[in-house]
Structure formats: structure tokens, C-alpha cells
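Working notes, structure below.
The values are calculated or read from the model by the stated rules, or taken from the named source; none is laboratory data. Quick caveat: nothing in here was measured; it's all calculated off a predicted structure. A quick note on method: Cβ atoms are made from the backbone with ideal geometry, for glycine too, and the neighbour counts reach across all protein chains shown. The accessibility values were calculated without ligands, DNA or RNA, using every heavy atom of the protein model including side chains. Shrake-Rupley method; radii C 1.70, N 1.55, O 1.52, S 1.80 Å.
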Amino acid sequence: MIPSKMQQFLHDTLPDSVWKNRLIKDGPLRFLEFGPLDVDRLQRMGIKVDRLGPRLVSCMWNEDSPVQIGGFLVVDNLAMGQPSMGGTRMLPDITPDIIHNLARGMTLKNAAADLPFGGGKSGIMRPENLNKENRNDVIKGFGQLLNRYKQIYIPGPDVGTNDADMKTFAIENGLNNVVSKPADMGGNRIDELGGAANGIVVATKALLEHLPKLKQLPQFKDMVIPKPSQMDILIQGFGAVGAHVARIFRDYDPKNAPIIKGISDIDGYLLNNKGLPWKELFDMWKEFGSVTQKYYHNHIMQDKPAEFKQMVFSNAANNLLTESAFCLVPASPMFNYLDVDASTNPSMTTDRMGNWQIIVEGANSYSPDPVKKAARRRMERYVYRDKGILIATDYLVNSGGVIYAAHERIVPTPSHLEIPKDLLGDRKGVNNWLKKNQDEFAELSEIRRKTAVEKLETVIRRNMEELVDGLCKDADSLPCEIAEQISVQRIASMEKSRTARDIMEEAPTIGLDQSVTDTAQLLVEAHVPIVNIVSKKGKLIGIVTNWDITKALASRLPMDSPLTKIMTTDVITSHPDATIIDCIRKLENHEISAMPIVEEDKVVGVISGDILARRTLYRLLQTMI
């Protein structure tokens, strides 16, 4: 059944006509789909259409399931490549605008990581009092809903889901239609290996190399850059990302590992100017999750040896951000870790924050919402411009997870290791099959890991160089502005390189011996603005448009008249290899709404203003013409 909160939201947001005209039924599965032309309907759901997207917003649920199964999918755009890629979040209060914000973050993150995938995200409405058995049903049922979109979206884990859930998706939809699978499926073990954390570590080390360039800016002229081993770090959020940041810094280069000065989690924060026992804390985190309070009770309160005299514990976790260090890593899963305005409920206000030199964002903090973007710029004007603290934007640095995940597609699954179709949906059968092929999957997993690590090192180092160089080149810019430029420029470059062949749709054709009535019927049935008139050998000889039919009716031309009476023979066409920008130019220069795509005198497709609006970043491309 549809989740009750979802049903209430959709009925409060969408008019009855949408339910009547747009509801798609596929057995017990239900879908409401919206695209970039549905500006008003998306606005009602809190989503503003802009130059980047969204390409698709789907509200979907299972009408007949005994447990509530439903949620939302947003494919923001596919400019970097198809399909899109992004995690599946499961929380009680998921809404389309939240998923859109996250999908936009994935658009920018995938572009910053130079990955051939668009940006997408999905969200499951988590029912209240969900037990383990019903949870499995919800995950499996949502995987069945996602199956409709497997050509344009690949899920991975996110808040509320994990690698085991991705295994359930893979059992339903196949190995190539999900990422961050367990190692027994050839997955890259993102949570286990700390993929996102690896990106943070690489970014921090790269920044140390490029920071001297910033001294040409007045706010950085007195900056003192420590040696790597003397750099102290605060980690807000000692969890899936933060805990691995501490571990990887040590594993990466033990001799030059920085000082982990402070950490926080849900129960409080720990601080030691000489450094925390990261290995002990990491092991505690793996066993218990939250560590600060437990460590305080087990060691500081009980033992109180000399080594703990300089250790500080506070149950006010956010107060870690009042402490000072060279580097702050915000890795707590919240959007607003720092703001000038206390009314936005940040972790800390800028008037109380500690003294730092760099902030390397481990948590996702980006939002396309204009109000939140304005708040972000306001914060950066104070933190970066006034206080001289460099901020490395989240999607430029924490893309390690998605880089690891993407390599489960970039390094493809060999055909003989794809789940046999007759086993899809059969968990027991799939597990037995996986066991038989475990050695090959282990080998595949290691190949993917090594390839991902190499890509991560290259792309994140490049991002840090471009960020610092961009700030030096434009002294009035902010880090968030340069970061967005980096990603959008890569998206625009990919979009410019796409051709008519990538987006054209099937073009209806009709013979010259047909009547005006036949052509009008084809226009209605095909839902296109033009019909192509072809010879018996298939050669294009003319077109008839909606406007031609309208003029024929207005002039009282008999509807059984031959097509030669109304068709246009001087046809504007384009080639399948013409770029999208070339197609836009032709449509605008000739003031036409559609044109055939012709190859070797034969019609192979059609391009129209409507197709461009639905299937390309039309608004972005228009700025480049």
C-alpha cells in the first residue's frame, strides 16, 4: 500500500486532474512521473526547474503490498552519461524536494569526479515501527519499483540503507543495476574500505601542497602552513566517514600522519591537544558505534592516569566547533554545520567557531534551494573572505564513495558472472550461485578497488588544484562559486559534445499516396509536430506539420486531398552526428519547432524544441550559443 505520509503529501500537493491523467499502472505498481516541462507541478512539490534539471521526478508505490512500500526518485540530469547514479535514502519524512537536493548534489559530485554518470537519488518512505522482516519486504518492494528506471538510474546505499540492501536490489534487478554491493558480488565495499573518507584524506594532503598560492590574497598573507605530521585535525562526526578519515590518515603515510586532536559523535566530543588514541577509538566505533561517552566513562572517569589529564570530554557535541585546529572535517550527516545566523539552527554560529585554516567537508552540505544557497554564500563571505579560512566544498572532496561505486560499472561484470535471469528474485538460488563463483568475484572486486583508488587520487588532486587556482584568479569569488563552476563546466562540456543521435526520437513517416486525413491521424497518434513524407525507396521528399493541417482546415481544403497540396518540400534537416548546439541553432535561425534527422537520404529520427527541453540541458546550452 502507499505510505500514509506520502499519500497525504501527494493529495495535498497535486490536483485531482494529475491523479486522473498522469497515474501509470503496472500491475500493483503505481507511478506519477514529471519532467522539466512540468514547472508548476514540480513547484508544488518544492522543486524549482533550472538550467541543470531535473530530468525526471517519479512518485512511486506498490498499491497491493500489505506493508507500506513507496518513495521518490529524482534523475537530475544525464549530461555526464547515462544512467544516473546516487544513493537510496530511507527515512520517515522523505519528500521530493529533499531527494532533488540530494540528486543535484550527485550531479555536481559525479561531474567533479569526472565520472560518466548523471546525478540521481531515491528515497524510501520508512514506515513507523518497521521490524526486520517487514524491512526486507520494503527494500525488496522498492527494488521492484526501481526496475522501471534501470536504464537511467543506478542506486547505492545512503542514510538508512546499507550494502546488504544493495544486495537485495541486485537479486531483484541484476548485478549491473546497483552499486556498492558486497564483495561476494564483486562490489567495492565502500563502507568497509571508507571510500568517501579516502577522498577527504587525499584532498587534505593536496591542499597542503597548493595552499602557498593563496598567500597572494590578503586574507591568507599571514597563513602558517604546518608540516603534514604537525597538522592537527578536528573531526565532527566520528562515524562511517569520520572514523575512516582518522584510520586512513595513519594508513596512508604513518610517518607523516597528522594529529587527530578532537572528535565528536552523537553523545559528545573528546579533545586532546597531543592527539587522541585514534586506533582504540576506531576499534570501539566498529564495535559500539558511538564512542565519546563510552571512552570517557571507561578511561577518564575510572582510571584517570597521567596520560588522560589533558583529555577533555563534553556531552555538548557541537561545541567541538568552538575548539581550534589547523583543519576541520565536518563529517556529521547534517546540511548546516556553520552559519552566521543562529535562526537556521546550525551546529555552530560563526561568532563562536574556533580558529581554523582549512575546512574539508566530509558531509554533504550542498543544496540548490535559493534560500540555502544564499545562506551558504553569507557564511563563506565571513569564514573565507573575512577570517581567511579555505573551504573545500563537499562534492569536490567527498566523492570517494561514488568513485568506488562507479567502478562497479566502469569495470564491467563479465557476462558469465551476471546473475542468470531465471534466478533473479530468488535469494537462496542467487546465494548458492554466488558461492560457486566466489573466487572470480573476489578477484573482480580487487581489480575494481585498485582502479578506483587510482582514479580517486587523480581527480581529487586535480579538483583541489583547480579550486585554489580559481580562487587566486578571481579574488572576489567564493569557494562554493568556484566549486560549482568546476562541476558545471564539465557538465556543459559533455553536453556540448552530445549529438542528435543521442537524443532524437522515432520519426513517423508516410507515403506520398496518402491523404491529408491519414497524415492528421498519424500526427495525433504519434504525438509529434511533424510527419515525414517519403518515397517508395524511403527517401525524404517533404514534411507536413501541425500548422499545415490547421491551414488546410482554415482554407476548407478537402481532407482527402493529396499531400502535395499542403506539404513542404524545401525541408530543413540535420545529420545524426550534428551537435545539440548545432540543432538548436538551426531551429532558432529558421524559426521552426522541429526537423527530421536524415542519414543517407533516409529519415532516422526527429528533433524538436520539446525533445530538447525534455532530453537535454536546453537552458544551459542556450547560454553557450
Exception for Gly123 within (1) closer than 12 Å to Trp61 by Cα; (2) of a type outside the set (A, V, I, L, M, F, W, C); (3) modelled with pLDDT under 95 falls at (3)
Which number in (1) crowded, with 19+ Cβ neighbours inside 10 Å; (2) within 26 Å of Asn336 (Cα to Cα) marks the one condition that Ser477 misses?
(1)
Matching entry among Ile611, Ile597 (being at pLDDT below 90, of a type in the set (A, V, I, L, M) and either out of contact with any Cys (no Cβ under 6 Å at 6 or more places or on another chain) or open to solvent by 20 Å² or more (accessible area, probe 1.4 Å) (or both))
Ile611
State which residue is farthest from Asn355 (Cα to Cα) when the search covers only segment 264-274 and only residues that are touching a Gly at 6+ places or on another chain (Cβ under 7 Å) and among the aliphatic types (A, V, I, L, M).
Leu270
Looking at Ser290, is it surrounded by 14 or more Cβ atoms within 10 Å (Cβ to Cβ) and either in a helix (DSSP H, G or I) or in contact (Cβ under 8 Å) with a residue 60 or more places away in the chain (or both)?
no
With the requirement that a residue be touching a residue at least 40 places away in the same chain (Cβ under 8 Å) and either under 16 Å from Lys496 (Cβ atoms) or of a type in the set (D, E, K, R) (or both), what does segment 583-601 give you?
Cys583, Ile584, Arg585, Asp601
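Give, as residue ranges, the helices (runs of 4 or more DSSP H) completely inside segment 365-473 that count at least 2 residues that are modelled with pLDDT under 95 and within 22 Å of Ile200 (Cβ to Cβ).
On the way: elements: 370-380, 394-397, 400-410, 427-436, 438-473.
Helices (runs of 4 or more DSSP H) meeting the threshold: 394-397, 400-410, 438-473.
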Which of the following residues is over 15 Å from Lys109 (Cβ atoms), basic (Lys, Arg), in contact with a helix residue (DSSP H, G or I) (Cβ under 9 Å, 6 or more places away or on another chain) and at pLDDT 95 or above: Lys213, Lys181?
Lys213
Take Glu466 and decide whether it is open to solvent by 20 Å² or more (accessible area, probe 1.4 Å), in contact with a Gly (Cβ under 8 Å, 6 or more places away or on another chain) and closer than 29 Å to Ala79 by Cβ.
no
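Would you pick out the residues in segment 150-159 that are farther than 13 Å from Asn176 by Cα and surrounded by 23 or more Cβ atoms within 10 Å (Cβ to Cβ)?
So in segment 150-159, the residues farther than 13 Å from Asn176 by Cα come out as 157-159.
Within segment 150-159, Pro157, Asp158 qualify.
If you scan segment 215-233, which residues turn out to be outside any loop (DSSP other than H, G, I, E, B), surrounded by 18 or more Cβ atoms within 10 Å (Cβ to Cβ) and out of contact with any Gly (no Cβ under 9 Å at 6 or more places or on another chain)?
So the first thing to find is which residues in segment 215-233 are outside any loop (DSSP other than H, G, I, E, B), and the list is 215-216, 218-220, 228-230, 232-233.
Filter once more, keeping what is surrounded by 18 or more Cβ atoms within 10 Å (Cβ to Cβ): 220, 232-233.
Of everything in segment 215-233, nothing turns out to be outside any loop (DSSP other than H, G, I, E, B), surrounded by 18 or more Cβ atoms within 10 Å (Cβ to Cβ) and out of contact with any Gly (no Cβ under 9 Å at 6 or more places or on another chain).
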Anything in segment 408-441 that is out of contact with any Leu (no Cβ under 9 Å at 6 or more places or on another chain) and open to solvent by less than 60 Å² (accessible area, probe 1.4 Å)? List them, or say none.
Pro420, Leu423, Gly425, Asn431, Leu434
Specify the residue that is nearest to the chain's Cα centre (by Cα); the eligible residues are those in segment 528-567 that are assigned to a strand (DSSP E or B), touching a residue at least 40 places away in the same chain (Cβ under 8 Å) and within 12 Å of Thr509 (Cβ to Cβ).
Ile530
Condition first: open to solvent by less than 30 Å² (accessible area, probe 1.4 Å), modelled with pLDDT of 90 or more and farther than 23 Å from Leu37 by Cβ. Can you find one or more residues in segment 579-594 that meet it?
no
Just one of Leu270, Leu281 is assigned to a helix (DSSP H, G or I) and open to solvent by less than 50 Å² (accessible area, probe 1.4 Å); which is it?
Leu281
Where Glu446 falls short, out of the listed (1) of a type outside the set (Lys, Arg); (2) in contact with a Pro (Cβ under 9 Å, 6 or more places away or on another chain); (3) open to solvent by less than 70 Å² (accessible area, probe 1.4 Å); (4) under 30 Å from Ile139 (Cα atoms)
(2)
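Which one is surrounded by the most Cβ atoms within 10 Å (Cβ to Cβ), of the residues in segment 43-83 that are touching a Cys at 6+ places or on another chain (Cβ under 9 Å) and small (Gly, Ala, Ser)? Don't jump to the end; show me each part of the working.
Of the residues in segment 43-83, the ones touching a Cys at 6+ places or on another chain (Cβ under 9 Å) are 45, 70-73.
Okay, now just the ones that are also small (Gly, Ala, Ser), so 70-71.
Details: Gly70: 29, Gly71: 27.
Per the stated criteria, the residue is Gly70.
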Looking at segment 1-42, which of the residues that are assigned to a helix (DSSP H, G or I) and acidic (Asp, Glu) is least open to solvent (accessible area, probe 1.4 Å)?
Asp40
Residue within segment 74-82 that is of a type in the set (Asp, Glu) and modelled with pLDDT under 95 present
no
Subset tally (residues that are of a type in the set (A, V, I, L, M), in contact with a Pro (Cβ under 9 Å, 6 or more places away or on another chain) and open to solvent by less than 70 Å² (accessible area, probe 1.4 Å)) for segment 480-504:
2
Given the condition modelled with pLDDT under 95, open to solvent by 10 Å² or more (accessible area, probe 1.4 Å), within 21 Å of Ile403 (Cβ to Cβ) and part of a helix (DSSP H, G or I), answer yes or no: does some residue in segment 250-266 qualify?
yes
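What number of residues in segment 316-349 are of a type outside the set (A, V, I, L, M, F, W, C) and surrounded by fewer than 20 Cβ atoms within 10 Å (Cβ to Cβ)?
11
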Just to be sure I understand, how many residues within segment 98-130 are open to solvent by less than 10 Å² (accessible area, probe 1.4 Å) and either of a type in the set (Ser, Thr, Tyr) or free of Cβ contacts under 8 Å to residues at least 24 places away in the same chain (or both)?
2
Just to be sure, is Ile510 in contact (Cβ under 8 Å) with a residue 24 or more places away in the chain, outside any loop (DSSP other than H, G, I, E, B), open to solvent by less than 40 Å² (accessible area, probe 1.4 Å) and more than 26 Å from Thr616 (Cα to Cα)?
yes
Please verify whether segment 546-556 includes one or more residues that are under 30 Å from Phe117 (Cβ atoms) and buried (at least 18 other Cβ atoms within 10 Å of the Cβ).
no
